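To start, the structure under review is shown below, and the notes come after it.
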Amino acid sequence: MIWSRRVDADLTANRLTTTLRALRAEGRSIVDLTVSNPTTAGFHYPLGMLSGLADPRGLVYRPEPLGLAVAREAIAADYRRRAVDVPADRIVVTASTSEAYSLIFKVLCDPGTEILVPRPSYPLLDHLARLDAVVPRFYDLEYHRGWAIDFASVERALSPAVRAIVVVSPNNPTGSRIKARELEQLATLAAERGAAIVADEVFVDYELSKVEDAGVPLDGGPALTFSLCGLSKSIGLPQAKLSWIAAAGPSALVDEALARLEFAGDAYLSVSTPVQEAAPGLLETGRVVREQIQTRVAANFRHLAESVSDESGCTVLEAEGGWYTVLRVPEIASEEELVLSLLEKHGVLTHPGYFFDFQRGAHVVLSLLPAEDLFRDGVSRVLRHFTCTPDGA
Ligand SMILES: Cc1ncc(COP(=O)(O)O)c(C=O)c1O
């Protein structure tokens, strides 16, 4: 059988997964600090939140490749909540942010062309690019008491084959937000090469520290720009399968991009009518879920920052937003050995930095989503590893 190289990943389970399975099979209880699913993290979802899905308007199928007006207008109103002005007719509705990436790659990239992706960042980006036969190239985020784009690495990676520069803001897992001047610089570089900016803003609502440049401005910079967002993070409802793209930049390019996205979207028509009809209600009632997540991630982040002492040799890296945080740890073992011993000796599951392509140092990534008591328990287990006797007693 000849398989496509689009799926060329190692499909065997890694050591962390096999160890976790074995410990769970033995009945060990594990504190999971890798939680990414908000629907099982103890938040209160209002009863009747999904009642809009039963609206009889959902019984009529009106295929609209860019999305139904009711959903596009509700999403435009949601941007206004964040003081960002995007006309509804520049919004494209998709079933997920992953699908949004895929549609954008389809209209921008030919097989073998390239996109620039930040490093460290969200590991799925690599797979999403390859599944569309696009080659990911990396630019670096550097940490010096805060994260910043290493523009020398951008220049090195920018080849004539680059069709898009991806920014993730706030970034997963660094929690860093792109600064206005960084975005201007990237947009200029992109526009000079006929490339676009793809700004993944799924965590935009989650603030870990005060910043001036909270969101990507969509008021017409020099480059064609796509902002990506969705209900999976904005109201903690990944199963609703509703995300979106907002297009901005030079008008002629935006019009052309929308026409091409309409053509590509028409081949799939993947967003259900009921969820689009329910969008205004979901965005409204979802506010209470968002507020709970905001409160929890900020409280967990504060707790971690207050708990990490110099004695542990660990440092909580500065973060501005999102659901994840990075702990820089002493380089006494490989990251894999470290997360395995955290799991086996201390019963706490964390992610190693190399899952996210950290280029140097030793890091573990912690989710800020777990309930406060679980998070505190997990953090004390992690820190015990660094402050106790070498055998981890
Ligand atoms: C940075 C980032 N973008 C996109 C997604 C996926 O979003 P969706 O569920 O809408 O596909 C995630 C999920 O964790 C993410 O971390």
Considering only helices (runs of 4 or more DSSP H) fully contained in the stretch 81-169, which possess at least 2 residues that are open to solvent by less than 20 Å² (accessible area, probe 1.4 Å) and within 14 Å of the ligand (Cβ to nearest atom)? 97-108, 124-131
Across the stretch 196-222, which residue is surrounded by the most Cβ atoms within 10 Å (Cβ to Cβ) among those that are in contact (Cβ under 8 Å) with a residue 40 or more places away in the chain and of a type in the set (Gly, Ala, Ser)? 196
Reported set for the stretch 175-219 where residues are under 30 Å from residue 296 (Cβ atoms), assigned to a strand (DSSP E or B) and either among the aliphatic types (A, V, I, L, M) or within 14 Å of the ligand (Cβ to nearest atom) (or both) is 198, 199, 200
Restricting attention to the stretch 287-307, report how many residues are surrounded by fewer than 22 Cβ atoms within 10 Å (Cβ to Cβ) and out of contact with any Phe, Trp or Tyr (no Cβ under 9 Å at 6 or more places or on another chain). 7
What about residue 31, is it in contact with a helix residue (DSSP H, G or I) (Cβ under 8 Å, 6 or more places away or on another chain), in contact (Cβ under 8 Å) with a residue 60 or more places away in the chain, away from the ligand (no atom under 16 Å from the Cβ) and open to solvent by 70 Å² or more (accessible area, probe 1.4 Å)? no
Conditions (1) away from the ligand (no atom under 16 Å from the Cβ); (2) part of a helix (DSSP H, G or I); (3) in contact with a helix residue (DSSP H, G or I) (Cβ under 9 Å, 6 or more places away or on another chain) -> residue 222 fails only (2)
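The values are calculated or read from the model by the stated rules, or taken from the named source; none is laboratory data. Nothing here was measured: the structure is a model prediction, and the numbers come from that model. Don't worry about glycine lacking a Cβ; one is built from the backbone with ideal geometry, like all the others, and counts go over all protein chains shown. Areas reflect the complete protein model, heavy atoms only, side chains present, ligands, DNA and RNA absent. Shrake-Rupley method; radii C 1.70, N 1.55, O 1.52, S 1.80 Å.
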